[in-house]
Amino acid sequence: QVQLVESGGGLVQAGGSLRLSCAASGRTFSAIHIGWFRQAPGNEREFVAAITGDGGITFYEDSVKGRFTISRDNAKNNLQMNSLKSEDTAVYYCAATTDAFNPRQANTYTYWGQGTQVTVSS
């Protein structure tokens, strides 16, 4: 079992920054692949970014490339979000798996956090 606890959401003006964190426990940290997804009202859950267990490979959705950075340290997985736009408003979810995964596919992740709200005002 992997437990995920997210933090860092909130309200920010367009152009601002937020840092989301996802604390993972229950398995060896380097064995846990992490993904971030988001879901806006009326929309399907969509992929944002992912990082492999060893931190060696990262993946990004095209609309966040150059603005968001995924990283990991000290058993926390971080999503640094800069130059935020109103369209980034959503509930953000941290997801994890210890199996082989397709980082962009939500159904390949086994464990999910509770979600944290990010609201970007224009």
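The values are calculated or read from the model by the stated rules, or taken from the named source; none is laboratory data. No experiment lies behind these values; they were computed from the predicted model shown. What goes into the accessible areas is simple: the full protein's heavy atoms, side chains included, and nothing from ligands, DNA or RNA. Shrake-Rupley method; radii C 1.70, N 1.55, O 1.52, S 1.80 Å.
Radius of gyration (Cα atoms) of the chain, expressed as a multiple of 2.2 N^0.38 Å: 0.97.
So, for the chain, what is the accessible surface per residue at a probe of 1.4 Å, expressed in square angstrom?
Here the per-residue accessible area is 49 Å².
Computed over protein heavy atoms with a 1.4 Å probe, the carbon and sulfur contribution to the accessible area of the chain reaches 46%.
Beta bridges assigned by DSSP with both partners in the chain are antiparallel in approximately 90 percent of cases.
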